[in-house]
Amino acid sequence: MVKLVEIVAADATIDLMDITEVAAELEATVEAARGGLLAIGEEAAGRRSGPDQWSKKEILGHLIDSASNNHQRFVRLQHDKLLVMPSYQQVDWVRTQNYEGREWRELVEFWAAYNGHLAHVIRHVDESAAGNVWKTPSWEHNLGYLIEDYLSHMRHHLAQILGSSAAA
Ligand code: NI
């Protein structure tokens with residue numbers, strides 16, 4: 001497989017993997033986390049540690065939002081070299097969808113299934129599109145970076161939910 005090394009040179013702060021490896025790592029991360037997530041009880045999943053803190057349900061909701069927003073990026077950036085898009089207001093997304101009102105188990109299974117599809121999408125990405133750019137009012141990154149950053153971001157939040165060792 002073609003390495004992303006050249007095409008993400010402008011986004012050089014990340015560890016570079018090839019696209020197939022990212023897809024496999026994504027699947028492995030979801031598989032490793034799923035059991036631990038399901039072991040968390042409904043009450044614990046909905047508890048906030050402070051008024052401005054997300055509950056576990058809301059953090060996982062934020063990961064579902066990340067999946068849906070990045071799904072758009074991963075597909076659309078294979079059709080256009082440059083997309084100028086509105087910003088994604090992540091706190092508003094979580095609040096508006098009332099993730100507190102969903103059952104924890106349903107959120108976990110939805111998150112896992114959605115990521116199964118995203119791994120499939122990533123595995124079939126047209127690598128000639130990896131340098132195509134998503135531009136918002138506050139940042140711009142290419143597709144190769146966005147794919148790797150998607151996985152890093154997921155691991156960061158899984159560590160918040162499960163404890164740092166469980167999602168490493
Ligand atoms: Ni986040």
Would you call residue 164 modelled with pLDDT under 95 and in a loop (DSSP other than H, G, I, E, B)? yes
Which of (1) surrounded by fewer than 16 Cβ atoms within 10 Å (Cβ to Cβ); (2) in a loop (DSSP other than H, G, I, E, B) is the odd one out, the single condition residue 125 does not satisfy? (1)
Breaking point among (1) touching a helix residue (DSSP H, G or I) at 6+ places or on another chain (Cβ under 9 Å); (2) not in a helix (DSSP H, G or I), for residue 119: (2)
Test for residue 52: is it within 16 Å of the ligand (Cβ to nearest atom), assigned to a helix (DSSP H, G or I) and of a type in the set (Asp, Glu): no
Does any residue of region 109-116 turn out to be more than 16 Å from the ligand (Cβ to nearest atom) and in contact with a Phe, Trp or Tyr (Cβ under 8 Å, 6 or more places away or on another chain)? no
For residue 102, state whether it is at pLDDT 95 or above, within 16 Å of the ligand (Cβ to nearest atom) and not aliphatic (A, V, I, L, M). no
Being on the phi > 0 side of the Ramachandran plot and either out of contact with any Leu (no Cβ under 6 Å at 6 or more places or on another chain) or in contact (Cβ under 8 Å) with a residue 12 or more places away in the chain (or both) narrows it down to one residue among 101, 163, 144; which is it? 163
Residues of region 58-94 satisfying the condition of being part of a loop (DSSP other than H, G, I, E, B), away from the ligand (no atom under 13 Å from the Cβ) and either buried (at least 16 other Cβ atoms within 10 Å of the Cβ) or on the phi > 0 side of the Ramachandran plot (or both): 77, 78
Please determine whether any residue of region 142-157 is more than 16 Å from the chain's Cα centre (by Cα) and either more than 16 Å from the ligand (Cβ to nearest atom) or buried (at least 19 other Cβ atoms within 10 Å of the Cβ) (or both). no
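The values are calculated or read from the model by the stated rules, or taken from the named source; none is laboratory data. Just so it is clear, the model here is predicted, and its values are computed rather than measured. Note that each Cβ is placed from the backbone with ideal geometry, even for glycine, and that neighbours are counted across all protein chains shown.
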